[in-house]
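The values are calculated or read from the model by the stated rules, or taken from the named source; none is laboratory data. All of these numbers come straight from a predicted model, not from anything done at the bench. Positions of Cβ are generated from backbone atoms using ideal geometry, with glycine treated the same way; all protein chains shown enter the neighbour counts.
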Amino acid sequence: MEISLLHLIVLLPLVTAVMIMVGAPARQLAQGSSVLNAVFGVLLFSLFDRDDAGFQFVASLNVLESPGINFALGVDGLGVVLVLLSVIVMLCAVWQVPKRIEGSEKLYIVSILLIGGGAIGAFATTDLFFFYAFHELALIPTFLMIGIFGHGPDRTSIAWKITIYLGVGSLVLLAGLLWLYQASGVESFDMLTLIEAGKNIDAEAQKWIFLLLIIGFGTLVSLFPFHSWAAPAYAAAPTPVSMLHAGVLKKFGLYGLLRLAVPMLPEGFAAWENLILVLLLGNVIFIGFVTISQRYLDRLLGYSSVMHMGYAFLGMMALNEVGYNGVVLMLFAHGLSVALLFALCGQLRERVPTLEIRELGGVAKAAPFLAVFFGLGAFASIGLPGFANFASEVMIFLAAFKDGLGEDGGITPLQITCIIAVWGVVISAVYMLRAYRNIFQGEREPQEGLLDVAMDQRWPLVLLVAGLVAAGIFPNLILNLLP
Amino acid sequence: MPAYGLEIAVVCLGLLLLLMDAFREKGAKSAIAGLAVIGLLMVLVFLVFGTQETGVTYWGVYEWDNWAKFYKGIALASTILVILMSVDYAEVFKRYTNTDESQSGLGEHYILPIFACAGLMWMASARDLITIFVALETVTITFYVMVAFMRHNVGSLEAGVKYLILGALSTGFLVFGITWTFGVTGAFHLDAVGEGLSKIEGSSIPALFALVLLLVGLGFKIAAVPFHLWVPDVYQGAPAPVTAFLSVGSKAAGFIILLRVLEPFLQAEPTRDAALTLLAIMAAATLLFGNLAAIPQTNVKRLLAYSSISHAGFLLVAIAAPVEGNPDAWRTVTFYLGAYLAMTMLCFFILCLVRAHGGSDELIGFSGLSERNGLLAFGMLIGLASLAGLPLTAGFFGKFFVFNLALQSKLYWLLAIAILGAAAGFYYYFKVAKSMYWEKADEAVEFAPGQTIEISMVTRVTILVLIVATLFFGVVPGLLFSWF
């Protein structure tokens, strides 16, 4: 088996984690390896042949004969986008590790590497088993991180909640994936073979498989009503963990739906379309209002990230090319912007006694960098033009409307959903701008001795904003990767 | 050499060591353990690399096939690990067996598992109900002694009595079942039993009655609900290495026998459907009880007892899922047990060490283990992750194949219960992880003295081997399959 660039990208964080476990200096090694991996990621992005719609950088190693399971790597356009997102967020997350950690620094950094490395692996593999397995790599580290290094008095119950939710979600998912595998009738867990063979699953089976997948993946994406673990967990987790979870890991569920459910289960989609439309409105509108009512900045950001997943589902439900492109761009944009916001929220947490929005004020006077970049992140999150989020949301809304009026000349349920979902943008503007005004502006004087973001922690944030702006002005940078 | 030479070698090793223990007055008893381990390792090497041809021998009652070979391997490996564990556990033994500082009684404790091992190995090959019964009793009687070994410890004695009474009762059922089987089919040999069953005319109720009685007897061995009542108390009371032996060696041998005894019943048309229904119901009950009752436990040993019940449930699902004409149930169960050996032994090994170093079996005794000894905490974490069935550990593939089989046979309701059980598992296994990593040792100083735990080189290597095995077969399961 030859070594491809993907092997390096997937294995580097895991090897680094093992080296740290056996005693290598944790912080320096992790920082070095994350920079190196980001370089590899950019290399992958530039070497990817945009004219070839198939999988590239393919390599495979058999681990089980029957049923066929291979350690198989390979990416198509969707994979490249998500791997690139993962390495960038991972880089920023590692560099956002607080200078002083109470407890074992080793455990802290190994956990981050495992969470991030697992996400990269899940996006880079073409084998169904490793796709699932890599994602699960995050379960124990997340549990330990929130419990040991987390914030807030109720972090124990929050750690249990996220663990049980994700655990149960992935077991339901496992049942769905196994069923999908058996219904397709091939003796292999290779996703490409499965997708090829699975196009003729009968409608009744499709319906139930799809239901399992939407519950399983939906729990991982925090689809309404399986969302209640997400916001408290992001708020309670240490900053790098929130960045990785909200920025990268959450995308796993949508990635899985796009990769497997969209090509394999069209009848399943049709059967549950209305249900999903209602649920995604739950995300956009209901969670939107929940977000408005939040009093603490960390929870507000958590709920806002849950809310935006509704748009991604809307794009997916459109089931056309524009929608697909819009969703992929949204995953990328949302990942960067939410990582940026959580990083800054973590910086703020170190500086002020409480994150209660009403108690804060005037932070911009003391910490202009923090304020400006938080503002940029907030704008991106609302979806202002110039940021990638805008481009993706516009594409999603267009896609949902694209196919014209319904068969009887009336308006389709998808279009109605879209009309309601557009109001979500207004909701975002309300909570983001209000929070920004309260925290960073206002009459109130910032507390004594409040410092701006340290110089060496600034550049990862600049990188995130640069990514958002670049993909916002030239969405083709990302979109031309897709078929 | 005939195939059963291995069992003879193991028995001879045991006798030799007994003599040595009796006539050698000075010197540490751990030397006996060392010799026992070396001897068993040699048998294991011979088992793996010796090239006997497969077939049936010893008047047709001794089967020598790849399954038998693998289960003999499990028996040997678990015995070796149990003896190693006992060495680390010697301090606790001494405290409860002698009033003075002498080592008397310690020697037997290293030797008894060897005799049990011979019984387990014979069980793996038995193809005749009488042979099965004799082998089973060899093992069970040895266990009666071992469970009650710490004679000044009330818990151990209580466990011994419970195990004796319920064990004797289950033996009674087993003999009764064998008698009925003979009455129905006129045979003890399993092949002949199969023939007899397929020729039943008229009512199949007597055959089913025989099956039920056999299931009662064997259900006791594998700790399936509703024959599990002894498990929590005996596991908690028995010395930790013996508990590990019960949980792995005894269970694995119980399953190979169950598979062999069930085969004729599952192949014969008149009994097939009823047998599968019975098994599915037993599997569901075992899964539900084992997993749900584990949730409130606060004693790690007892927790592992319930975990052992729940794993019996997963294994039963594989047996209850009929797939025509392929050995998937055998493959799944065998793989599961191989994985189960590594992960359970890992957990028990660490439990022994924590207990022997002044801690206790209570959950609170594991507080701050990550600070007391990082390797032990990490090993336990891997063991628990594997028991919970997280991917990239051997335990995941066990569950994975079980779920796959259940889906294949369209046993959706059973799959739903299995998933529910696995979900509960996340909670109770992670509870231990929480203790080890979140909580500080000094908060529970009474149970977990704050000092670090020093472990010997042999122990360190053993634990590392078990960790690597658990992870390795979770990534490359194919290699384990190639052994049977």
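State which residue pairs qualify: first residue closer than 21 Å to A:Leu477 by Cβ and away from every other protein chain (no Cβ under 14 Å) and inside the stretch A:49-65, second residue polar (S, T, N, Q) and part of a loop (DSSP other than H, G, I, E, B) in any location, beta carbons under 7 Å apart, and separation of 6 or more residues or different chains.
A:Arg50/A:Asn480; A:Phe55/A:Thr126; A:Phe57/A:Ser4
A:Leu11 passes all but one of (1) among the hydrophobic types (A, V, I, L, M, F, W, C); (2) out of contact with any helix residue (DSSP H, G or I) (no Cβ under 6 Å at 6 or more places or on another chain); (3) more than 14 Å from chain B (Cβ to nearest Cβ); which number fails?
Just one mismatch for A:Leu11, condition (3).
So for the stretch A:97-108 (the condition being in a helix (DSSP H, G or I) and away from every other protein chain (no Cβ under 14 Å)), does at least one residue qualify?
The answer is no, given that none of the residues of the stretch A:97-108 is in a helix (DSSP H, G or I) and away from every other protein chain (no Cβ under 14 Å).
Restricting the search to the stretch B:167-202, which residues are of a type outside the set (A, V, I, L, M, F, W, C) and buried (at least 17 other Cβ atoms within 10 Å of the Cβ)?
B:Gly167, B:Ser170, B:Thr171, B:Gly177, B:Thr181, B:Thr185, B:His189, B:Gly194, B:Gly196, listed by residue number.
I'd like the full set of residues that are touching an Asp or Glu at 6+ places or on another chain (Cβ under 7 Å) and either buried (at least 24 other Cβ atoms within 10 Å of the Cβ) or of a type in the set (Lys, Arg) (or both), limited to the stretch A:293-316.
Passing the criteria: A:Arg295, A:Tyr311.
Kindly provide the set of residues from the stretch B:378-392 that are in a helix (DSSP H, G or I) and within 10 Å of another protein chain (Cβ to nearest Cβ), ordered by number.
Residues satisfying the conditions are B:Phe378, B:Leu381, B:Ile382, B:Leu384, B:Ala385, B:Ala388.
Tell me the residue from A:Ile214, A:Ile158 that is part of a helix (DSSP H, G or I) and within 14 Å of chain B (Cβ to nearest Cβ), please.
Only one candidate passes the filter, namely A:Ile158.
How about the stretch B:26-45: which of its residues are surrounded by fewer than 16 Cβ atoms within 10 Å (Cβ to Cβ) and under 23 Å from B:Ser125 (Cα atoms)?
B:Leu41, B:Met42, B:Val45
Which pairs turn up if I take residues in the stretch B:200-217 that are touching a residue at least 60 places away in the same chain (Cβ under 8 Å) and look for partners that are hydroxyl-bearing (Ser, Thr, Tyr) with beta carbon separation below 7 Å, at least 6 apart in sequence or on another chain?
Qualifying pairs under 7 Å: B:Ser204/B:Thr271; B:Ala207/B:Thr271; B:Leu208/B:Thr271; B:Leu211/B:Thr271.
Is it true that B:Ile350 is buried (at least 21 other Cβ atoms within 10 Å of the Cβ), touching a Gly at 6+ places or on another chain (Cβ under 6 Å), in contact (Cβ under 8 Å) with a residue 12 or more places away in the chain and aliphatic (A, V, I, L, M)?
Here the answer is yes, as B:Ile350 does meet what is asked.
What is the residue count in the stretch B:283-294 for residues that are surrounded by fewer than 22 Cβ atoms within 10 Å (Cβ to Cβ) and either within 19 Å of B:Leu213 (Cβ to Cβ) or basic (Lys, Arg) (or both)?
Total meeting the criteria: 1.
So B:Val461 clears everything in (1) within 13 Å of chain A (Cβ to nearest Cβ); (2) part of a helix (DSSP H, G or I) except one condition, right? Which one?
Failing condition for B:Val461: (1).
Working only within the stretch A:119-137, note down all residues that are part of a loop (DSSP other than H, G, I, E, B) and within 8 Å of chain B (Cβ to nearest Cβ).
A:Leu137, the sole residue that qualifies.
Is the stretch B:68-76 home to any residue that is of a type in the set (Gly, Ala, Ser), farther than 26 Å from B:Cys352 by Cα and at pLDDT below 85?
no
Tally the residues that are crowded, with 21+ Cβ neighbours inside 10 Å and in a helix (DSSP H, G or I), restricting the search to the stretch B:146-166.
The qualifying residues number 6.
B:Ile83: buried (at least 21 other Cβ atoms within 10 Å of the Cβ) and either assigned to a loop (DSSP other than H, G, I, E, B) or touching an Asp or Glu at 6+ places or on another chain (Cβ under 9 Å) (or both), yes or no?
Against the criterion (buried (at least 21 other Cβ atoms within 10 Å of the Cβ) and either assigned to a loop (DSSP other than H, G, I, E, B) or touching an Asp or Glu at 6+ places or on another chain (Cβ under 9 Å) (or both)), B:Ile83 does not qualify.
A:Ala122 fails exactly one of the following numbered conditions: (1) within 18 Å of the chain's Cα centre (by Cα); (2) surrounded by fewer than 24 Cβ atoms within 10 Å (Cβ to Cβ); (3) of a type in the set (Gly, Ala, Ser). What is the number of that condition?
In the conditions (1) within 18 Å of the chain's Cα centre (by Cα); (2) surrounded by fewer than 24 Cβ atoms within 10 Å (Cβ to Cβ); (3) of a type in the set (Gly, Ala, Ser), A:Ala122 misses (2) alone.
Quick one: which residue in B:Ser370, B:Ser360, B:Ser435 is within 29 Å of B:Phe93 (Cα to Cα) and outside any helix (DSSP H, G or I)?
Only one candidate qualifies: B:Ser360.
For the stretch B:402-431: of the residues being touching a Phe, Trp or Tyr at 6+ places or on another chain (Cβ under 7 Å) and buried (at least 24 other Cβ atoms within 10 Å of the Cβ), which is nearest to the other protein chains (Cβ to nearest Cβ)?
By that ranking, first place goes to B:Phe430.
Residues that are under 18 Å from B:Ile382 (Cα atoms), more than 17 Å from the chain's Cα centre (by Cα) and surrounded by fewer than 24 Cβ atoms within 10 Å (Cβ to Cβ): does the stretch A:71-91 have at least one?
Within the stretch A:71-91, none of the residues are under 18 Å from B:Ile382 (Cα atoms), more than 17 Å from the chain's Cα centre (by Cα) and surrounded by fewer than 24 Cβ atoms within 10 Å (Cβ to Cβ).
Restricting the search to the stretch B:1-43, which residues are assigned to a loop (DSSP other than H, G, I, E, B), closer than 30 Å to B:Trp64 by Cα and of a type in the set (A, V, I, L, M)?
B:Met1, B:Ala3, listed by residue number.
Among what's in the stretch A:471-482 and is in a helix (DSSP H, G or I) and in contact (Cβ under 8 Å) with a residue 40 or more places away in the chain, pick the residue that is farthest from A:Trp95 (Cα to Cα).
This residue is A:Leu479.
Would you confirm whether or not the stretch B:433-442 contains a residue that is free of Cβ contacts under 8 Å to residues at least 12 places away in the same chain, more than 9 Å from chain A (Cβ to nearest Cβ) and surrounded by fewer than 19 Cβ atoms within 10 Å (Cβ to Cβ)?
Checked against the condition, which is being free of Cβ contacts under 8 Å to residues at least 12 places away in the same chain, more than 9 Å from chain A (Cβ to nearest Cβ) and surrounded by fewer than 19 Cβ atoms within 10 Å (Cβ to Cβ), the stretch B:433-442 yields no hits at all.
Would you mind finding the one in B:Thr243, B:Thr298, B:Thr271 that is over 16 Å from B:Leu420 (Cβ atoms), β-branched (Val, Ile, Thr) and either surrounded by fewer than 20 Cβ atoms within 10 Å (Cβ to Cβ) or without any contact (Cβ under 8 Å) to a residue 12 or more places away in the chain (or both)?
That would be B:Thr298, the only listed residue that is over 16 Å from B:Leu420 (Cβ atoms), β-branched (Val, Ile, Thr) and either surrounded by fewer than 20 Cβ atoms within 10 Å (Cβ to Cβ) or without any contact (Cβ under 8 Å) to a residue 12 or more places away in the chain (or both).
Say whether the condition of being modelled with pLDDT of 90 or more, within 23 Å of B:Leu169 (Cβ to Cβ) and surrounded by fewer than 19 Cβ atoms within 10 Å (Cβ to Cβ) is met by at least one residue in the stretch B:252-260.
Taking every residue of the stretch B:252-260 in turn, none turns out to be modelled with pLDDT of 90 or more, within 23 Å of B:Leu169 (Cβ to Cβ) and surrounded by fewer than 19 Cβ atoms within 10 Å (Cβ to Cβ).
Give the number of residues within the stretch B:146-194 that are hydrophobic (A, V, I, L, M, F, W, C) and within 30 Å of B:Gly55 (Cα to Cα).
Selection size over the stretch B:146-194: 12.
Can you name every residue in the stretch B:358-372 that is crowded, with 21+ Cβ neighbours inside 10 Å and over 14 Å from B:Glu439 (Cβ atoms)?
Hit for the stretch B:358-372 is B:Asp361, nothing else.
Hey, can you tell me all the residues within the stretch B:178-205 that are in contact with a Gly (Cβ under 7 Å, 6 or more places away or on another chain) and outside any loop (DSSP other than H, G, I, E, B)?
B:Val184, B:Thr185, B:His189, B:Gly196
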